[in-house]
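This report refers to the structure that appears directly beneath it.
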Amino acid sequence: VSRQLKEEIRRGFARLEDPLTGLLAMLESSSDWKGKGHSLGYCITTELQLWIKAHPAVPQSGTKLKKLQARVLGMLSQCPANLLDPLISIYQLHTADRNYLLEHVSHLYLQGNYKEAAMLSIKLKLQPDQDVEKMCTPLLLQDKANLVEEYVAEYPALQRKLLQTLDTWCEPSFNIRDIIRPYQGLSKYKPEKFNRRVLSKLIFRLLERFNVDSALCPNVINQRHLRTLNYLFYKRFVEKTMTEENWADHIQSTVGENRWLQGHLVQSLLRHCDARGAARWAQHCRVPPEMLPQAVAEELQKLHIQDRVEEVTKAVNYEASKKKGYYQLPIPRENIHFLQTWEETLQCWEKVLQAGQVVGVDMEWKPSFGMVGKPRVALLQLALKDEVFLLDLPRLLEQAEAEGEKEKLPHFIQMLYSDAAITKLGYGMSGDLSSLAATCSALKDTEKQMQGVVDLLAVDKQVDGLSPEHSHEERGVRQPEKGLSLLVQHVLGKPLDKTEQLSNWEKRPLREEQILYAASDAYCLLEIYERLCKDPESFGLGSDLTESLVGKQSKKPRAKKQLNKQEAPSPSGQEFQGPRTEPSRLPAPISPQEFSVVCDNMLQGLGRYLRCLGVDVRLLDNEDDHRKAAEIARQEGRVILTSGLPYQTLRSQVGEGRCFSVNCSQKAKEQALQVLKHFNVQVSLGDIFSRCQ
């Protein structure tokens with residue numbers, strides 16, 4: 001607003017006998033102020049607000065003010081959001097009779113102005129005197145979850161009441177249509193945005209935002225645990241990539257003594273095992289005998305100790321035989337140190353914090369299986385040429401805090417990451433560091449300060465070698481390798497054994513298999529780095545790889561986060577050309593409008609991101625089978641975007657090049673860049689938000 005206009009407005013106020021009445025008369029007779037943005041009405045109102053502060057004698061009181069307040073309330077439902085605060089302040093609506101304000105908001109609500117009623121309630125702080133379920137239900141039906149969050153933001157009692165209500169709606173026997181029925185004629189109603197899946201996500205978001213105990217929402221917690229249970233059965237009995245001990249740990253911590261989940265456990269056991277196997281696992285997981293079907297209960301009685309010993313022996317022999325085809329640690333077992341005391345850790349730091357040292361760094365945490373909150377690091381692995389240190393982070397942090405020196409461990413970790421003279425090797429360091437920051441707030445700026453780091457994720461896709469598909473065919477039944485395991489296979493000849501990856505890393509003591517897995521994960525980084533530096537050309541990499549990796553990445557640590565696996569910069573600043581044997585030719589450029597995809601249900605974030613860029617996207621629901629993607633792709637001529645195991649199945653059901661495997665460890669933005677580059681989709685400014693608001 002120009003200075004001249006502001007001065008003219010203030011002179012106008014000075015000439016008015018009653019500026020408050022004058023402003024109302026102007027707003028009531030003009031429609032200009034109802035538009036979005038900074039209208040003339042908005043400028044005049046905000047100037048009056050400032051002018052009143054300089055002229056304290058102006059504000060009205062008594063009957064005259066009450067009449068003005070009544071007129072203002074009549075206008076507020078049509079009022080743009082940016083005028084609410086100035087008008088409430090000028091006409092002192094906080095001093096108005098509370099029952100009168102509640103009555104006015106109730107009138108707005110009955111007229112179907114649910115958003116306006118909620119916004120006014122927030123501004124006037126009326127929520128404690130309102131029914132939270134009644135106020136929030138129509139907002140949720142209209143997909144206004146953000147307004148619902150704002151409505152309860154300052155009131156813990158209302159947060160708990162809202163969460164309990166939402167959790168009740170997620171009961172398996174609850175009919176969601178019962179909520180919708182009273183709002184049949186609701187404008188802007190979005191039924192597709194109102195279902196148990198969406199409600200469940202909202203509940204978890206609110207639990208995390210407001211730091212509320214998840215025990216308040218047993219229905220969604222049980223449903224999430226049930227999904228975890230199904231996933232664990234898939235990993236153990238279908239994919240066969242989880243050890244017995246590892247699986248049993250997770251089953252026990254997921255099911256616990258919850259009768260409902262124990263019932264589902266028994267049903268799943270009967271689907272995947274015979275009665276004897278089901279009885280053995282039911283005994284292991286402490287399922288009450290009265291919950292078991294008769295056949296399983298009878299087997300349970302027959303079980304003898306010798307039987308269990310034989311089973312365990314078989315399992316151990318089978319696991320031992322599996323290890324032969326995997327990467328083996330080249331250092332003796334006694335050189336792997338599990339550290340739980342500060343005295344032990346000091347000896348470790350003396351060896352690690354030396355100029356010229358090369359350190360393989362990795363971290364482990366308990367899988368969250370979609371539960372609330374960021375994962376907290378349970379184990380920090382530091383690998384040197386001759387030994388590996390496994391730091392029990394929770395124990396060490398707890399010990400340091402008890403001694404009143406909680407900063408000393410974070411201090412050493414920061415020293416390690418910020419020292420340019422020490423080369424730190426990692427794989428996907430950004431994810432590790434965000435978990436480290438969630439574990440210890442003193443480490444939240446580590447990524448900004450780090451120097452001398454090499455993230456091998458940045459060169460992963462540049463290494464020539466067997467593709468996942470070839471390695472899968474050659475190894476027969478084993479699952480195709482991916483991520484670090486695939487890189488280890490390409491460079492060192494054998495993949496990592498990842499059966500312990502989803503272990504319960506918080507449980508103590510760690511099993512021997514976990515210790516060996518954790519040490520291997522960190523140590524293999526040293527061997528990969530050494531091989532790549534010795535002979536980069538044989539892997540399709542630039543000859544000055546060492547200078548490129550350490551020099552450039554340590555100077556610009558932040559660039560690593562946005563780096564696409566297929567876009568790692570070469571020493572010259574140009575892109576690596578990748579495998580030389582078959583230079584990939586880009587397809588002809590197309591616009592997002594011409595590009596149609598169907599996204600598998602684990603890639604919904606990618607689908608939404610691509611849709612924002614103008615791509616024609618269909619998303620599978622969580623309940624859909626992966627094979628539905630192939631049906632849609634064939635019927636509608638779409639490209640399938642998927643990942644992991646489903647890729648192996650789906651690519652054979654559509655034409656060549658019509659199925660693309662996306663890296664699930666990346667964020668949606670990085671995945672989108674990968675897809676757009678692969679299919680040569682050229683996005684213009686006009687494409688952005690051309691398909692959605």
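The values are calculated or read from the model by the stated rules, or taken from the named source; none is laboratory data. Bear in mind the structure is a predicted one, so any value in this text is a computation, not a measurement. Glycine gets a Cβ as well: all are built from the backbone with ideal geometry, and neighbour counts include every protein chain shown. The area values use the complete protein model at the heavy-atom level, side chains included, leaving out ligands, DNA and RNA. Shrake-Rupley method; radii C 1.70, N 1.55, O 1.52, S 1.80 Å.
Close amide H pairs (under 5 Å, H built 1.01 Å from N) link residue 453 with 424, 554, residues at least 5 positions away or on another chain.
Only beta bridges with both residues in region 332-390 are counted; by DSSP, about 75 percent of them are antiparallel. Modelled label positions at residue 264 and residue 10, each set 7 Å beyond Cα in the direction of Cβ, lie 6.6 nm from each other. Estimated at the nearest 10 Å², the accessible area of residue 161 is 90 Å² with a 1.4 Å probe.
When a 1.4 Å probe is rolled over the protein heavy atoms, the share of accessible surface on region 592-679 that falls to carbon and sulfur comes to 45 percent. Note that region 70-77 has calculated 3J(HN,Hα) couplings of 4, 5, 5, 4, x, 8, 4, 5 Hz, one per residue in order, obtained from phi through the Karplus relation 6.51 cos²θ - 1.76 cosθ + 1.60 (θ = phi - 60°); glycine and proline are x.
Using R0 = 51 Å, the C-beta based FRET efficiency linking residue 146 and residue 301 works out to 0.35. Region 582-626 and region 420-435 have Cα centres separated by 31 Å. Normalised per residue, the accessible area of region 592-679 is 45 Å², obtained with a 1.4 Å probe and no contribution from ligands, DNA or RNA. Among the GluC sites (Glu not before Pro) in region 319-422, those placed in a DSSP loop whose Cβ has at most 10 other Cβ atoms within 10 Å are 403.
With an a/c value under 1.5 for the gyration tensor axes a ≥ b ≥ c computed over the alpha-carbon atoms, region 592-679 is described as rounded. Across the accessible surface of region 118-198, with the other protein chains kept in place and a 1.4 Å probe, carbon and sulfur atoms take up 48 percent.
Based on C-alpha pairs under 8 angstrom that are at least 6 apart in sequence, region 220-305 has a relative contact order of 24 percent. A straight chain from residue 451 to residue 216 at 0.36 nm per residue would run longer than the Cα-Cα distance by 80.2 nm.
For region 220-310, the list of GluC sites (Glu not before Pro) that fall in a loop by DSSP and count at most 10 other C-beta atoms within 10 angstrom reads 257.
Cα centroids of region 143-157 and region 203-266: how far apart, whole angstrom? After rounding, the separation between the Cα centres reads 28 Å. For region 220-305, carbon and sulfur atoms together expose 51% of the accessible surface, with a 1.4 angstrom probe and every protein chain in place. Checking the Cα-Cα distances for 424/494; 123/201; 193/628; 144/201; 444/534; 444/669 against a 25 Å cut-off, the pairs over it are 123/201; 444/534. Look at where the Cα atoms of region 57-114 and of region 276-306 average out, and the two centres are 68 Å apart.
Between residue 94 and residue 658, the contour length at 0.36 nm per residue exceeds the Cα-Cα span by 196.9 nm.
Starting from the Cα of residue 635, move 7 Å in the Cα-to-Cβ direction to define the label point; list residues of region 176-217 whose amide nitrogen is under 20 Å from there. Label zone hits: 192.
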